[in-house]
Amino acid sequence: MFEAVEELIGEHADLEKQLADPSVHADQANARKLNKRYAELTPIVAAYRSWKQTGDDIETARELAADDPDFAAEVKDLEQQREELTEKLRLLLIPRDPSDDKDVILEIKAGAGGDESALFAGDLLRMYLRYAERVGWKTEIIDSTESELGGYKDVQVAVKTKGNATPEPGQGVWARLKYEGGVHRVQRVPATESQGRIHTSAAGVLVTPEAEEIDVEINPNDLRIDVYRSSGPGGQSVNTTDSAVRITHLPTGVVASCQNEKSQLQNKEQAMRILRSRLLAAAQEEAEKEAADARRSQVRTVDRSEKIRTYNFPENRISDHRVGFKAYNLDQVLDGELDAVIQACVDADSAAKLAATS
């Protein structure tokens with residue numbers, strides 16, 4: 001059991017030697033990469049050593065119990081510890097998403113439902129902003145198109161950890177928010193409804209890990225950059241200068257645009273951030289499809305048209321259809337208390353991955 005851990009122990013020892021070499025730290029990017037992997041392997045190695053030591057202790061206790069019955073209770077205690085360590089080690093060996101520590105770009109788009117859908121998109125934006133505030137993340141609205149009634153036709157927001165500290169395993173921005181991608185459905189009486197009838201509308205959420213320049217190599221010759229006049233709120237420069245920017249990656253057809261900033265240069269920089277993240281997400285999805293041993297999570301939405309969650313205002317109910325989660329505290333969830341909903345997805349994902357490795 002756990003034969004594969006021996007290989008990880010060897011890798012851990014090799015990393016320890018490399019990190020002890022001062023010359024390795026001359027390349028900061030490589031040193032960070034080695035440190036990250038070392039930190040991932042350390043709890044696995046520690047748990048395995050405890051698991052193995054407990055096995056040896058059980059054998060010793062059994063031998064002693066054959067001559068002295070008082071040791072029988074110690075055998076039971078050690079066997080219980082062994083079971084707990086076995087489960088802990090199995091959980092640690094679940095394949096990790098390499099992007100879990102990354103920041104994200106979260107996009108919300110109004111869907112079917114007109115003005116009501118745009119208002120709901122605004123509700124979702126506030127929910128994510130408040131959740132980020134609760135857990136101590138930073139947010140930055142990159143681009144947005146507001147609707148006439150105060151909602152959003154679409155909005156893109158960067159969500160990132162504060163400072164340069166690496167988040168605890170499973171607590172990174174992507175690790176928590178990656179389950180939010182899909183179509184979110186709302187059932188309520190719209191502000192524009194005079195008869196008091198309940199309407200159903202929807203908004204789409206797309207979450208992509210924010211790519212660094214080293215993650216995605218983009219040839220400038222593969223880009224078509226168009227400039228045009230901004231529309232909507234934005235100050236005196238709106239509709240007077242060609243400051244809005246649209247960038248098309250010609251080999252893939254992926255498009256990113258931004259018009260929120262005052263200068264063309266700022267809009268170009270923001271559009272490039274979005275483009276890099278979209279290209280990284282596309283590359284990762286393609287790699288998952290091609291790799292024979294890759295197993296896409298049974299929780300994450302593959303088909304973006306799938307309705308993943310329903311927000312029912314009359315019943316104050318939130319339902320996640322992928323994992324069967326249901327709670328009657330919708331008002332609190334919309335105020336940013338998303339942890340229980342997200343944790344249900346995390347637990348289901350972990351269970352599915354654990355089953356796949358058994």
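The values are calculated or read from the model by the stated rules, or taken from the named source; none is laboratory data. Keep in mind that this is a model prediction, so the values were computed, not measured. A quick note on method: Cβ atoms are made from the backbone with ideal geometry, for glycine too, and the neighbour counts reach across all protein chains shown.
Tell me, please, whether a residue that is touching a helix residue (DSSP H, G or I) at 6+ places or on another chain (Cβ under 7 Å) and either of a type in the set (Gly, Ala, Ser) or modelled with pLDDT under 90 (or both) can be found in the stretch 171-185. Within the stretch 171-185 (the criterion being touching a helix residue (DSSP H, G or I) at 6+ places or on another chain (Cβ under 7 Å) and either of a type in the set (Gly, Ala, Ser) or modelled with pLDDT under 90 (or both)), the answer is no, since none of the residues qualifies.
Quick grid of which residues meet (1) on the phi > 0 side of the Ramachandran plot; (2) buried (at least 17 other Cβ atoms within 10 Å of the Cβ); (3) in contact with a strand residue (DSSP E or B) (Cβ under 6 Å, 6 or more places away or on another chain); (4) assigned by TED's automatic domain parsing to the domain that holds residue 182:
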position	(1), (2), (3), (4)
86	no, no, no, no
98	no, no, no, no
111	no, yes, yes, yes
119	no, yes, no, yes
126	no, no, no, yes
151	no, yes, no, yes
154	no, yes, yes, yes
157	no, yes, yes, yes
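In the list 73, 65, 112, which residue meets the criterion of being hydrophobic (A, V, I, L, M, F, W, C) and touching a helix residue (DSSP H, G or I) at 6+ places or on another chain (Cβ under 7 Å)? From the options 73, 65, 112, the qualifying one is 65. Figure legend. Inter-residue proximity from the stretch 130-144: first residues at positive phi, second residues outside any helix (DSSP H, G or I), beta-carbon distance below 7 Å, spacing 6+ or different chains. Indicated pairs: 136/162.
The residues in the stretch 319-332 that are free of Cβ contacts under 8 Å to residues at least 24 places away in the same chain, surrounded by 15 or more Cβ atoms within 10 Å (Cβ to Cβ) and within 20 Å of the chain's Cα centre (by Cα) can be counted, and the count is 2.
Looking at this structure, is residue 47 in contact (Cβ under 8 Å) with a residue 24 or more places away in the chain, under 22 Å from residue 172 (Cβ atoms), out of contact with any helix residue (DSSP H, G or I) (no Cβ under 7 Å at 6 or more places or on another chain) and not in a loop (DSSP other than H, G, I, E, B)? It is false that residue 47 is in contact (Cβ under 8 Å) with a residue 24 or more places away in the chain, under 22 Å from residue 172 (Cβ atoms), out of contact with any helix residue (DSSP H, G or I) (no Cβ under 7 Å at 6 or more places or on another chain) and not in a loop (DSSP other than H, G, I, E, B).
Pairing residues of the stretch 95-108 that are over 17 Å from residue 157 (Cα atoms) with residues that are in a strand (DSSP E or B), at Cβ distances under 8 Å and at least 6 apart in sequence or on separate chains, gives 99/209. Restricted to the stretch 279-308, and to residues that are farther than 28 Å from residue 344 by Cβ and of a type outside the set (Gly, Ala, Ser), which residue is modelled with the lowest pLDDT? Out of the qualifying residues, it is 290.
Residue-by-condition table, conditions (1) in a helix (DSSP H, G or I); (2) touching an Asp or Glu at 6+ places or on another chain (Cβ under 9 Å):
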| site | (1), (2) |
| --- | --- |
| 314 | no, no |
| 318 | no, no |
| 336 | no, yes |
| 347 | yes, no |
| 350 | yes, no |
| 354 | yes, no |
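Which residue pairs have Cβ atoms closer than 9 Å, lie 6 or more positions apart in sequence or on different chains, and pair a first residue in the stretch 171-199 that is surrounded by fewer than 19 Cβ atoms within 10 Å (Cβ to Cβ) with a second residue that is modelled with pLDDT under 90 and basic (Lys, Arg)? Final answer for the pair search is 189/197.
Restricting to the stretch 126-152, and then to whatever is of a type in the set (S, T, N, Q) and part of a strand (DSSP E or B), can you tell me which residue is nearest to residue 177 (Cα to Cα)?
Going through the stretch 126-152, the residues of a type in the set (S, T, N, Q) turn out to be 139, 144-145, 147.
The next check asks that each one be part of a strand (DSSP E or B); those that pass are 139, 144-145.
Details: 139: 13, 144: 20, 145: 22 Å.
Out of the qualifying residues, it is 139.
Within the stretch 21-64, the set of residues being surrounded by fewer than 13 Cβ atoms within 10 Å (Cβ to Cβ) and among the aromatic types (Phe, Trp, Tyr) is empty.
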